[in-house]
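The values are calculated or read from the model by the stated rules, or taken from the named source; none is laboratory data. It should be emphasised that the depicted structure is a prediction, and the values quoted were computed from it without experimental measurement. Because the Cβ atoms are built from the backbone with ideal geometry, glycine has one as well, and the counts that use them run over all protein chains shown. Surface accessibility is based on the protein's heavy atoms, side chains included, excluding ligands, DNA and RNA. Shrake-Rupley method; radii C 1.70, N 1.55, O 1.52, S 1.80 Å.
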Amino acid sequence: MKHLALIPGDGIGKDVTDAGMQVLDAVSEISSFNYDAELFDIGSERYLASGTLLEAGEIEALRSKDAIYFGAIGDPRVRPGVLEQGVLLRLRSALDQYINFRPVTSIHPYVPLKRETDFDIHFLRENTEDFYMGMGGRVSSGGDLELSASRRMYDLKISLHLDADVEEDFAVELGLLSRKGVERFAEYSFRHAESLGQDRVTLVDKANVCTGIYGFQREIFKQKAKEHDMELDFMFVDAMAMAMITRPERYGTVAVPNLFGDILTDLGAQLQGGLGLGASGNINPEGVSMFEPIHGSAPDIAGKGIANPIAAVMAVKMMLDNLGCPEEAEMVRKAVSGCLAEGKVTPDLGGKLNTWQVADDIAARILKG
Ligand code: IPM
Ligand code: MG
């Protein structure tokens, strides 16, 4: 019996995780997979009503689960950043989910790029450091700014002082990489490529401009490449954005720092057929991982039944793989590809079905076997 946590969150998060849970129920009906799910009322409604982002004990409760299934977070009534930093980013770092796995593959017939060869890129986005440290603020003439952050590997305090003779206000956002952070990211990336029988990893950065952090990252990746006897390619992020359009089939395992990974994987989601198809796993290889669609909460369409549930259903597939149930994961993959191939999809993909009908269709295919 697997113990899951369910966090529908905001907006269409509820619609699409309902669909995902329906699919999971279908899987458990015809396989030996069994689960219970505890619902966590985390999101904007509770925050607006009580001011609570995460209650005491919630992180510990989540840590004790086998996996977490997450919908979406974000609400126009709340200042941008509050929910994102206070919930999603906090969970990723508190639960030390240091890899964000986002596969980008040709999904026919929705893939907008007409290429002769299919592509299958595995983006491994570093998920706890870089410009996502939450270390930002403002400092003016003669002033001090104290910044702090906590990760499993360290508690960090940095003080900045601005000389009194500089008459200007500044805003800063620190992008930091720790040696341990990069080492485990590199280690995971090379192992991931090895497990797929690949002989190389591509590392994306902007080492020609942000030489401090990305030069450091290159050094560590080079060392790891030697240890693993693997090839390592470097790509600047701007060139990578272009290459994803011009020759996506050349890439396999792509390691990318947090902020650039955020951007490239939205591009990736469109590249494979649309944001409604992109799933992701926030992975802690030694602990509990959290699975979610890449898309946001889209509050304008919440509850209307037009949200595409496929990204969230594919997040269930990733969760099953992570839980050591590859056969059950395959049932979901097969059912989704059947429904995509037959155009049983929502209007964003040119279909006529609503969210619930797509979920019914996928669940029925699974039950049919
Ligand atoms: C994502 C999202 C988040 C991120 C936001 C909601 C904080 O865009 O998962 O890609 O930037 O990581
Ligand atoms: Mg994003």
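Of the residues making up the range 1-17, one or more are in contact (Cβ under 8 Å) with a residue 24 or more places away in the chain, of a type in the set (Asp, Glu) and either in contact with a Leu (Cβ under 6 Å, 6 or more places away or on another chain) or surrounded by 18 or more Cβ atoms within 10 Å (Cβ to Cβ) (or both). Among the candidates Val358, Val345, Val332, the residue that is among the β-branched types (Val, Ile, Thr) and not in a helix (DSSP H, G or I) is uniquely Val345. Residues of the range 182-197 that are among the polar types (S, T, N, Q) and surrounded by fewer than 16 Cβ atoms within 10 Å (Cβ to Cβ): Ser195 alone. Checked against the criterion of being open to solvent by 30 Å² or more (accessible area, probe 1.4 Å), without any contact (Cβ under 8 Å) to a residue 60 or more places away in the chain and within 24 Å of Pro112 (Cβ to Cβ), the candidates Glu342, Glu330 yield just one match: Glu342. For the range 32-53, which residues satisfy the criterion of being of a type in the set (Gly, Ala, Ser) and surrounded by fewer than 20 Cβ atoms within 10 Å (Cβ to Cβ)? Selection gives Ser32, Ala37, Ala49, Ser50, Gly51. Residue selection: Tyr47 fails the criterion of being away from ligand 2 (no atom under 16 Å from the Cβ) and within 16 Å of Val288 (Cβ to Cβ).
When the range 54-92 is limited to residues that are within 12 Å of ligand 1 (Cβ to nearest atom), surrounded by 20 or more Cβ atoms within 10 Å (Cβ to Cβ) and of a type in the set (Gly, Ala, Ser), the one that is nearest to Asp266 (Cα to Cα) turns out to be Ala72. Filtered by the rule that a residue be of a type in the set (A, V, I, L, M) and part of a helix (DSSP H, G or I), the range 46-77 gives Leu48, Ala49, Ile59, Ala61, Leu62.
Surrounded by fewer than 22 Cβ atoms within 10 Å (Cβ to Cβ), farther than 30 Å from Ala186 by Cα and in contact with a helix residue (DSSP H, G or I) (Cβ under 7 Å, 6 or more places away or on another chain) - does that describe any residue in the range 306-313? For the range 306-313, residues surrounded by fewer than 22 Cβ atoms within 10 Å (Cβ to Cβ), farther than 30 Å from Ala186 by Cα and in contact with a helix residue (DSSP H, G or I) (Cβ under 7 Å, 6 or more places away or on another chain): present.
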